[in-house]
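Q: Sharing a structure with you now.
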Amino acid sequence: MTKMLCSLANGKVILGLEGGYNLLSISESMASCVSILLGDRCPSIPPINAKPKAYESIRNVIKTHKKYWSCLKFDEKLPNCEFVKKFKSERKQKNNSATENSYTLRSRNKPKENEIVEQEQLKISEAISNIPEVPSESSEANDFDLLSAFSVIPLTFCPHLSELNSNPDPRLIDVNRPCFKCNSIKENWICLSCFECGCSRFVSEHMLEHHDSTQHPMVLSFSDLSVWCYICESYVHNDMLTQVKQMAYKSKFG
């Protein structure tokens, strides 16, 4: 969450340490947040098997808040945990039929006379039967695929690190520098080869235009101090970037 917040308000994030009783958790959390602010790699979140009560709580929150938040007004619904548990048990039986699945689902709801509704319920039961099993924690390969779907993992090495300018000028690494072409200061990046400053692809794409014309591969964001390689199409975190990151951090936060 700290990593995501760093992209807002030009990275001006304040951490407030609130009271608590678990000193180990507090110290680990604080150390992790400070590590992210310093530009370290964001740790991956292990897969979590949610409990039925968690699904119920999420459903209740969505039901209450969707009246005020349009982004929650979607058609997809969380699965009914009791139904899924019962359905998986029944699926193991050899003679289980789609009609029995539909009956199990209807038993969880009020009787409906509408034939269209019954057909939709049957489609739901068929869709759930095709849901793949959650990979076990013992399978490292499957765990890695699952983790990579929920986190951005930067490269620890990039072949284009050799093209970094080894003599960065602190006067050029100024987070208040405008874009070289449109003078925007909203969301700028700095080229780590020639230290040209240009706006992001979400403004006018002038830094991308700079890369296309010069083929300089690596740039640093003035928003969250992350480094991107255009050629590798990935974020990069390496000790060779520490010096320029520290200069940008000092310019940003003093």
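The values are calculated or read from the model by the stated rules, or taken from the named source; none is laboratory data. As the structure is a computational prediction, the values presented were derived from the model and not from experiment. All Cβ positions, glycine included, derive from the backbone under ideal geometry; neighbour counts span all protein chains shown. Each accessible area value is taken on the protein alone, full model and side chains, heavy atoms only, with ligands, DNA and RNA left out. Shrake-Rupley method; radii C 1.70, N 1.55, O 1.52, S 1.80 Å.
Q: When residues of the stretch 11-29 are filtered for being touching a residue at least 12 places away in the same chain (Cβ under 8 Å) and open to solvent by less than 70 Å² (accessible area, probe 1.4 Å), how many remain?
A: Number of matching residues: 3.
Q: Could you run through the stretch 176-204 and say how many residues are in a loop (DSSP other than H, G, I, E, B) and either open to solvent by 60 Å² or more (accessible area, probe 1.4 Å) or within 25 Å of Thr242 (Cα to Cα) (or both)? Before you say what the answer is, go through the steps one by one.
A: First, the residues of the stretch 176-204 that are in a loop (DSSP other than H, G, I, E, B): 176-187, 192-196, 200-204.
Now drop any that are not either open to solvent by 60 Å² or more (accessible area, probe 1.4 Å) or within 25 Å of Thr242 (Cα to Cα) (or both), which leaves 176-181, 183, 185-187, 192-196, 200-202.
Looking only at that region, the number is 18.
Q: Pairs under 6 Å by beta carbon, first residue within 17 Å of Val227 (Cβ to Cβ) in the stretch 193-215, partner of a type in the set (Phe, Trp, Tyr) and surrounded by fewer than 21 Cβ atoms within 10 Å (Cβ to Cβ), six or more apart or different chains?
A: Between residues of the stretch 193-215 that are within 17 Å of Val227 (Cβ to Cβ) and residues that are of a type in the set (Phe, Trp, Tyr) and surrounded by fewer than 21 Cβ atoms within 10 Å (Cβ to Cβ), the close pairs are Glu196/Phe180; Cys197/Phe180; Gly198/Phe180; His211/Tyr230.
Q: Would you mind finding the one in Ile231, Ile173 that is part of a loop (DSSP other than H, G, I, E, B), out of contact with any Ser or Thr (no Cβ under 7 Å at 6 or more places or on another chain) and not hydroxyl-bearing (Ser, Thr, Tyr)? Step through it out loud before you land on a result.
A: Details: Ile173 fails: out of contact with any Ser or Thr (no Cβ under 7 Å at 6 or more places or on another chain).
Answer to the selection: Ile231.
Q: Just to be sure, is Ser221 at pLDDT 90 or above, among the hydroxyl-bearing types (Ser, Thr, Tyr) and surrounded by fewer than 21 Cβ atoms within 10 Å (Cβ to Cβ)? Give the steps one after another, and end with the answer.
A: Working: at pLDDT 90 or above: yes; among the hydroxyl-bearing types (Ser, Thr, Tyr): yes; surrounded by fewer than 21 Cβ atoms within 10 Å (Cβ to Cβ): no.
It is false that Ser221 is at pLDDT 90 or above, among the hydroxyl-bearing types (Ser, Thr, Tyr) and surrounded by fewer than 21 Cβ atoms within 10 Å (Cβ to Cβ).
Q: Moving on. Looking at Phe150 and the list (1) open to solvent by less than 90 Å² (accessible area, probe 1.4 Å); (2) at pLDDT below 90; (3) assigned to a loop (DSSP other than H, G, I, E, B), which single condition is not satisfied?
A: Of the numbered conditions (1) open to solvent by less than 90 Å² (accessible area, probe 1.4 Å); (2) at pLDDT below 90; (3) assigned to a loop (DSSP other than H, G, I, E, B), the odd one out for Phe150 is (1).
Q: Would you mind stating whether Ile36 is assigned to a helix (DSSP H, G or I), within 29 Å of Trp228 (Cβ to Cβ), out of contact with any strand residue (DSSP E or B) (no Cβ under 8 Å at 6 or more places or on another chain) and not small (Gly, Ala, Ser)?
A: Details: assigned to a helix (DSSP H, G or I): yes; within 29 Å of Trp228 (Cβ to Cβ): yes; out of contact with any strand residue (DSSP E or B) (no Cβ under 8 Å at 6 or more places or on another chain): yes; not small (Gly, Ala, Ser): yes.
Spelling it out, Ile36 is indeed assigned to a helix (DSSP H, G or I), within 29 Å of Trp228 (Cβ to Cβ), out of contact with any strand residue (DSSP E or B) (no Cβ under 8 Å at 6 or more places or on another chain) and not small (Gly, Ala, Ser).
Q: Among the residues in the stretch 224-232, are any open to solvent by 50 Å² or more (accessible area, probe 1.4 Å), more than 24 Å from Ser35 (Cα to Cα) and more than 25 Å from the chain's Cα centre (by Cα)? Step through it out loud before you land on a result.
A: Pass one, the stretch 224-232, residues open to solvent by 50 Å² or more (accessible area, probe 1.4 Å): 228, 231.
Imposing the further condition that a residue be more than 24 Å from Ser35 (Cα to Cα) reduces the set to 231.
Retained after the next criterion (residues that are more than 25 Å from the chain's Cα centre (by Cα)): none.
The answer is no, given that none of the residues of the stretch 224-232 is open to solvent by 50 Å² or more (accessible area, probe 1.4 Å), more than 24 Å from Ser35 (Cα to Cα) and more than 25 Å from the chain's Cα centre (by Cα).
Q: Specify which of the listed residues (Met247, Met207) is farther than 25 Å from Ile14 by Cβ, outside any strand (DSSP E or B), modelled with pLDDT of 90 or more and under 27 Å from the mean Cα position of the chain (by Cα).
A: On the way: Met247 fails: farther than 25 Å from Ile14 by Cβ.
So the residue among Met247, Met207 that is farther than 25 Å from Ile14 by Cβ, outside any strand (DSSP E or B), modelled with pLDDT of 90 or more and under 27 Å from the mean Cα position of the chain (by Cα) is Met207.
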